[in-house]
Amino acid sequence: MPIPDRLVGRFADLQRYVGWSEADVGRIRAAAPLVSPHFVELVNDFYREIEKHDATRTVIGGDAVLIARLRKSLEAWLAELFAGIYDVEYLQRRWRVGLRHVEIGLDQVYTNAALSRLRVSIVRILTREWKTSNDELAETLASVMRLLDLDLAIIEDAYQAEFVERQQRNDRLAAIGQMGGGVAHELRNPLNVIKTSVYFLLNAKNTSPEKLREHLERIERQVGLADKVITALNEFARLPAPKVMPIDAARLLKDVLETLTLPDAVNVTQNCRPGIAPLAGDAAQLLVVFSNLIRNAIEAMADAGTLQLSTGEVDGQIFIEVADTGHGIAPENLGKVFEPLFSTKTRGIGLGLAIVRTIVKNHRGTIHVTSQKGQGTQFMVKLPAHSSAAT
């Protein structure tokens, strides 16, 4: 997996944040001759400690070839650390360390602890080998600490990105497994209808043109229904990780409304608070979220009523509320509306709100529904503001 474009900019921001400068690069290069003769010592200490802990020993295992390769990798990692070249290629190699930790099942806390141990060992070696002033030693140690902090930030970023992607994939697979029985039921119904119509067409004698057309249209409707189930399931299963960018909430709602045909009897009111921060989201995926919510609201009002759209900001989050004056949701169904294949509609598939919840969750947001029977329903979506999501 290549490093995301955002990481290059983020790494530069982190360097500025910790005060990284060319002076640090110079001090690291000057310290390299003092530390490099002890790389093997550092590696040996590192792996001796690994052997003492069940969690890390289990991950590494007793494969001598693997351990030898990992020792060489750590030695190369230390050499790069003190080489004084911190470009995109360096960033790419550090990023891969985090990905590798997810692949082998190593918890990130052990990386943090391992780097802490390396810090102590490097400080000990530099202090022991240092020949000039203590002030220069203090400045060099500070440069090493900054560099190790930056390395850890890159590794953690990669670890989190890969872990989240895998978790989302696992969540989708689990949801699909949960849906299995429901999908079978949803597909079996139209197939049974098709089967009875085909039986009639094959066995009926002297069928009138009207009856023939009736059964063919019946088959066509059921094929369309089955296709909708399969399409919705496919979209749910293949939902990608969001590509986050700053999005204006009011503009997002405007774009959604432009894609929908609203009945003349539906009155749309908008309460979009001016001056709020952009939210952090994937525009295409959030279009799906609010298209679903607004279509549901219109259907709940039987094409007549008031649709109210509101936006605002609270505690570093942007909220968007979709409210209707429709028939409402029965209290016993309120906790089920986000479940895959649950629907209160006669012809509903029951994947729309499940997809909505998955998208919102993947955006590190929340969705909450309130409703009163006969009075209407409100869906409140909260998403991170782009400024807080970027830090």
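Read-outs throughout are calculated quantities, based only on the coordinates presented, and are distinct from any laboratory measurement. Since we're looking at a predicted model, the values are computed, not measured. Glycine also receives a Cβ, built like all others from the backbone with ideal geometry; neighbour counts cover every protein chain displayed.
Structural remarks
- Taking the Cα centre of segment 5-169 as origin and assigning +1 to Lys and Arg Cβ atoms and -1 to Asp and Glu Cβ atoms, the resulting dipole is close to 280 debye.
- Using a simple spin-label model with pseudo-atoms 7 Å out from Cα toward Cβ, residue 41 and residue 128 lie 0.3 nm apart.
- Global geometry of segment 245-389, whether rounded, prolate or oblate, following the gyration tensor of its Cα atoms and the 1.5 cut on a/c: prolate
- When +1 charges are put on Lys and Arg Cβ atoms and -1 charges on Asp and Glu Cβ atoms, the dipole computed for segment 245-389 relative to its Cα centre reaches about 300 debye.
- FRET efficiency for residue 48 and residue 16, using Cβ-Cβ distance with R0 set to 35 Å, rounded to 0.05: 0.40
- Gyration tensor (alpha-carbon) shape descriptor, segment 5-169, a/c threshold 1.5: oblate
- Charge dipole of segment 5-169 about the Cα centre (unit charges at C-beta), most positive-ward option of 36, 15, 26: 36
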